[in-house]
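Take a look at the structure below.
Nothing in this text is a laboratory measurement; each read-out follows from the coordinates by a stated rule. None of the values given here were measured: they were computed from a predicted structure. Methodologically, a virtual Cβ is constructed for each residue, glycine included, from the backbone with ideal geometry; neighbour enumeration extends over all protein chains shown.
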Amino acid sequence: MGLITPLLGRMVRQESFSVPGDISDAARVLVVDSGDLSELLFFAPVINHLKYRFPGMRVSVLVREGNGELIRTMQQINEMISYEPEHLKPTSTTYFSLIRRLKSRGFNVVFLLGREFSFARSFVALMSRAPLRVGFSGQYSYPFINCEIRPAAGAGYEAPRATGFLTALGLSPGDSIRGWCVPEQDARWASQMIHFHKPEKHVKLLAVDPGIGKGRHRLVEKSLAWMTDRVAEQYGARTLVLSNNLDSRGLGRFRSLLRCEQVDLDPGNVKEALALLSRADLVLAGNTDYFHFAVNMKLPTIGFFTRHDTPNWFPEGTPWVQIIQGVKGQRLSLDEVYSKIDTLMQFANR
């Protein structure tokens, strides 16, 4: 990459741009996703703010197939262009067809999501020929992006850091920006499904995500299953198992470890899973995508983090969330978990 990037910088024509001048009602914006569902959640307030300021702006999102169901819930997005992961590789025959397709759209602004460098996605941003390309700074960021976001060292939780896109454009985000929320029709569908499978209103719904966390690790399945059984018994709950990064075999294996009563619902896609998650009374999860959606939805949530989960994934100013960061070889304290859940329930009942 040290040899390629300077060469690309000389070969690709660099057009002038101005900020915030190029951000207008006439702007055609392309958002290149990182493949990470949480990144789309964190970026949603940026899109909402831009469309509020510039209603005529047209926003297209290049998104991994599967995560596209989340895009369908975001009314501010005009167009979704989906891809399979194997198609977004320079060795794929469809890769350069995709680049030609995007280039023909005449985008003048590109937002490149994600912190980790990806040549395939960065090259898409460069070859779109958009004069303004915004993304986080990194070792190989130029010439793929020409408007760099440089977060302050030691900055906090990832979610609010996404507003750096607005700061880089010279647009003040203000005191509050509307984030992502479950569409009303999806919430009604989820309520009906939950009621059908759990008609007793006094019985709580415990949502559990046994998936792999952002640190590429997770709590041992048997430990999480044991904890889930204890919590379900203590609080009189039925359990709903959800995950977006475990296949059906992995989910089936975890469900077989549970002894508590389960809600027999298997969402068909991310949109349905998030709608069901929104109906939970309590969430147990590692540092997963659904954990961060639960944080966004202000659901009482216990996060079982590992030593591989860095501070940028710890929510701040969220009294509805409690984090337990485990130590390898050390048994989870049931009393500590109960204490934290009691604290969350007190907050939820206010």
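Between the stretch 45-124 and the stretch 137-166, what's the alpha-carbon centroid distance in Å?
Measuring centre to centre over Cα atoms gives 18 Å.
Going through the cross-link list LYS204/LYS328; LYS89/LYS214; LYS214/LYS328; LYS271/LYS328; LYS103/LYS214, which pairs have a Cα-Cα distance over 29 Å in this structure?
Values: LYS204/LYS328 31 Å; LYS89/LYS214 23 Å; LYS214/LYS328 17 Å; LYS271/LYS328 34 Å; LYS103/LYS214 33 Å.
As for pairs spanning more than 29 Å Cα to Cα, those are LYS204/LYS328; LYS271/LYS328; LYS103/LYS214.
Using the charge dipole of the chain (Lys, Arg: +1 at Cβ; Asp, Glu: -1 at Cβ; taken about the Cα centre), state which of MET1, LEU284, GLY250 has its Cα farthest towards the positive end.
Projecting each Cα onto the dipole axis, the largest value belongs to MET1.
In the stretch 206-289, if every C-alpha pair distance is counted and binned at 10 Å from zero, what percent goes to each bin?
Binned Cα distances yield the sequence 18, 57, 25, 0.
Determine ³J(HN,Hα), in whole Hz, for all residues of the stretch 307-317 in sequence, where each value follows from phi through the Karplus function 6.51 cos²θ - 1.76 cosθ + 1.60 and θ = phi - 60°; x replaces Gly and Pro.
Per-residue couplings from phi come out as 5, 8, 8, 7, x, 5, 9, 8, x, 10, x Hz.
Relative contact order for the stretch 62-143: what percent, with Cα pairs under 8 Å and sequence separation of 6 or more?
Working: 81 pairs, mean separation 19.4, N = 82.
Computed over the stretch 62-143, the figure is 24 percent.
For the stretch 162-170, what does the Karplus curve 6.51 cos²θ - 1.76 cosθ + 1.60, with θ = phi - 60°, yield as ³J(HN,Hα) per residue in whole Hz, taken in order and with x for Gly and Pro?
5, 5, x, 4, 5, 4, 4, 8, x
Give me, ordered by chain and number, the residues 5 or more places off MET80 or on other chains with an amide H under 5 Å from its own placed amide H.
VAL61
Using helices alone, I'd like the mean residue ellipticity at 222 nm for the chain: each DSSP H run of four-plus residues gives -39500 (n - 2.57), total over residue count, nearest 500.
Working: 13 runs with 126 residues, N = 350.
Mean residue ellipticity, 222 nm, calculated: -10500 deg cm²/dmol.
What relative contact order, as a whole-number percentage, does the stretch 4-168 give when Cα pairs under 8 Å and 6 or more residues apart are counted? Intermediate results must be reported in sequence, preceding the final value.
Working: 255 pairs, mean separation 40.8, N = 165.
Answer for the stretch 4-168 is 25 percent.
Amide H to amide H under 5 Å from ILE323: which residues, 5+ apart in sequence or cross-chain, H placed 1.01 Å off N in plane?
GLY303
Report ³J(HN,Hα) in whole Hz for each residue of the stretch 16-29, in order, from the Karplus equation J = 6.51 cos²θ - 1.76 cosθ + 1.60 where θ = phi - 60°; Gly and Pro get x.
Result, ordered by residue: 6, 8, 9, 10, x, x, 7, 9, 8, 4, 8, 5, 10, 10 Hz.
Would you kindly calculate the mean projected area, averaged across all directions, of the convex hull enclosing the Cα atoms of the chain, in square nanometres?
Numbers: hull surface 75.3 nm².
Dividing the Cα hull surface by four gives the mean projection, 18.8 nm².
Find the Cα radius of gyration of the stretch 64-136, compare it with 2.2 N^0.38 Å by division, and give the number to two decimals. Mind showing how you got there, number by number?
Numbers: Rg = 12.4 Å, N = 73, 2.2 N^0.38 = 11.2 Å.
For the stretch 64-136, the normalised Cα radius of gyration comes out at 1.11.
With charges set only on the Cβ (+1 for Lys and Arg, -1 for Asp and Glu), what does the dipole of the chain come to about its Cα centre, in debye to the nearest 20? Can you show the working numbers first?
Values: 42 positive and 34 negative charges, 141 e Å.
Dipole about the Cα centre, nearest 20: 680 debye.
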